[in-house]
Amino acid sequence: MMQIPIHQLPHGIGLELPSYATPHAAGMDLRAAIPEAETWSLAPGQRRLVPTGLVMAIPEGFEGQVRPRSGLALRHGVTVLNAPGTIDSDYRGEVAVVLVNLGEAIFELRRGERVAQLLIAPVAACEWRAETTRAALGETHRGAGGYGSTGKS
């Protein structure tokens with residue numbers, strides 16, 4: 001089990017740290033660190049940066065992936081706008097989530113609500129090796145077939 005240093009900012013104190021909802025869950029829930037006395041409304045089509053109150057030190061060679069929660073997407077049309085968002089291993093600022101309401105009704109958000117999932121994933125570093133011809137890249141069955149080229153089924 002990888003251990004990742006994490007710090008709760010003053011406005012995040014009292015909220016649960018990211019955690020797995022079930023033993024085999026891939027993602028940990030991130031919670032909204034908005035003031036206790038406030039309810040934030042997200043109108044249809046509106047986007048908002050939601051603080052988590054967390055700063056973390058993801059190890060080199062890994063990234064944090066911020067992904068939508070399926071229940072929010074299905075029930076309310078609320079999702080993570082830049083999904084998956086990336087938290088780089090050298091980032092030491094507050095983790096925040098860009099939520100967007102693609103639903104038809106106003107979505108109300110309160111302190112401590114689960115707003116996204118966080119996955120920790122390995123990242124492969126690479127370098128480019130320039131080739132002088134396209135043929136040097138090799139042939140595949142798909143070739144240059146792009147958008148829709150593999151069919152519907």
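The values are calculated or read from the model by the stated rules, or taken from the named source; none is laboratory data. Model, not experiment: these values are computed from the prediction. Note that each Cβ is placed from the backbone with ideal geometry, even for glycine, and that neighbours are counted across all protein chains shown.
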With respect to residue 113, is the statement that it is of a type in the set (Asp, Glu) and within 18 Å of residue 34 (Cα to Cα) true?
-> yes
Taking the range 50-105 and the residues there that are of a type in the set (S, T, N, Q) and assigned to a loop (DSSP other than H, G, I, E, B), the one that is surrounded by the fewest Cβ atoms within 10 Å (Cβ to Cβ) would be 82
How many residues of the range 11-26 are of a type outside the set (Asp, Glu) and touching a residue at least 40 places away in the same chain (Cβ under 8 Å)? The answer is 6
From 32, 121, grab the single residue that is under 23 Å from residue 7 (Cβ atoms), among the small types (Gly, Ala, Ser) and crowded, with 19+ Cβ neighbours inside 10 Å.
-> 32
Residue set 144, 136; condition more than 19 Å from the chain's Cα centre (by Cα), in a helix (DSSP H, G or I) and not hydroxyl-bearing (Ser, Thr, Tyr); output residue 136
Determine which single condition residue 130 fails, assuming it passes every other condition in (1) assigned to a helix (DSSP H, G or I); (2) modelled with pLDDT of 95 or more; (3) exposed (fewer than 10 other Cβ atoms within 10 Å of the Cβ).
-> (1)
